[in-house]
Amino acid sequence: MPREAIVAALEREVWPLVKDWRVSEREHEGKQFKFFESDDEVLVCGGIGAQAARRATEAVIALYQPERVLSVGFAGALDSSWKVGTILVPAQVIDAQDGSHVDGGPGKYVLVSVAAVASVEQKKKLAKAYGAQAVDMEAAAVARGAQARGVGFSAVKVISDDMDFELPSMEKFIAGDGQFRTGKFVAFVAIRPWLWSPVRRLQKNSAIAARALCKFLQDRSKEVAEDLENSAAEAHPISGARV
């Protein structure tokens, strides 16, 4: 069984990492999941949002019994000095829904999870309210799923949008299972020229972020593989990230 399970939202965030991994389709509680497997790790893309992330976390723990669950993916910057492609290994993950928090490992940085894509104004409020450096939508749910089953938790996030970047409204394009309705989004944007520039910027930023995240995770996996007997290697991030 893999020692570590990785939970992401969408395949495009992690495709450079998993493109050569084995693929396995498995069912858990009536829902089909697609797992990417390597010798020591398994990765599942659960979809966008807390519910999708929690379902995927429960499935991968039940089916693979990993020692640790790692939440990975894109995050928005809550600090103007954090730029696209910056890696964050948070010491603490806060759920903005109820203020609860989970320790993610050593360091000083904070990630806050929210229920919807944060606007520029919301980013400012989150930074002030929680002292956080980045915001995502899934890490807190993954942490809770791991905690509920006595499994270790940590997170690795990459900045995909700067603090001052206003993301287009996405909620209407997220399906009930957390999957992004790309076709409907493209059709929506196609007849709204004022969205073309920010969407192009979003695509560029996403590509930069995915490459940076996957490079970090690949290097991290090599470190773990080189020292399988050292359990600290799973908990401590490698250099090159903000911790």
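Values as computed for the structure displayed
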quantity: Hits in the range 82-104 (condition: outside any strand (DSSP E or B), open to solvent by less than 50 Å² (accessible area, probe 1.4 Å), over 15 Å from Ala140 (Cβ atoms) and not aromatic (Phe, Trp, Tyr)); calculated: Val84, Gly85, Thr86, Val89
quantity: Filtered residue count, the range 173-190, keeping only those that are more than 17 Å from Ala9 (Cα to Cα) and open to solvent by 40 Å² or more (accessible area, probe 1.4 Å); calculated: 6
quantity: 2 or more residues open to solvent by less than 10 Å² (accessible area, probe 1.4 Å): qualifying strands (runs of 3 or more DSSP E) within the range 1-81; calculated: 4-8, 31-37, 41-45, 68-77
quantity: Some residue of the range 145-155 being under 30 Å from Tyr109 (Cβ atoms), touching a strand residue (DSSP E or B) at 6+ places or on another chain (Cβ under 8 Å), open to solvent by 20 Å² or more (accessible area, probe 1.4 Å) and of a type in the set (S, T, N, Q); calculated: yes
quantity: Filter result for Arg220 (surrounded by 14 or more Cβ atoms within 10 Å (Cβ to Cβ), modelled with pLDDT under 90 and of a type in the set (Lys, Arg)); calculated: yes
quantity: Residue in the range 115-131 that is among the aromatic types (Phe, Trp, Tyr), open to solvent by less than 50 Å² (accessible area, probe 1.4 Å) and more than 22 Å from Gly176 (Cα to Cα) present; calculated: no
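The values are calculated or read from the model by the stated rules, or taken from the named source; none is laboratory data. Here the structure is a predicted model, which is why all the values come from computation and not from measurement. We place every Cβ from the backbone using ideal geometry, glycine too, and count neighbours over all the protein chains shown. For the accessible areas, the whole protein counts, side chains as well, though only heavy atoms, and no ligand, DNA or RNA atoms are used. Shrake-Rupley method; radii C 1.70, N 1.55, O 1.52, S 1.80 Å.
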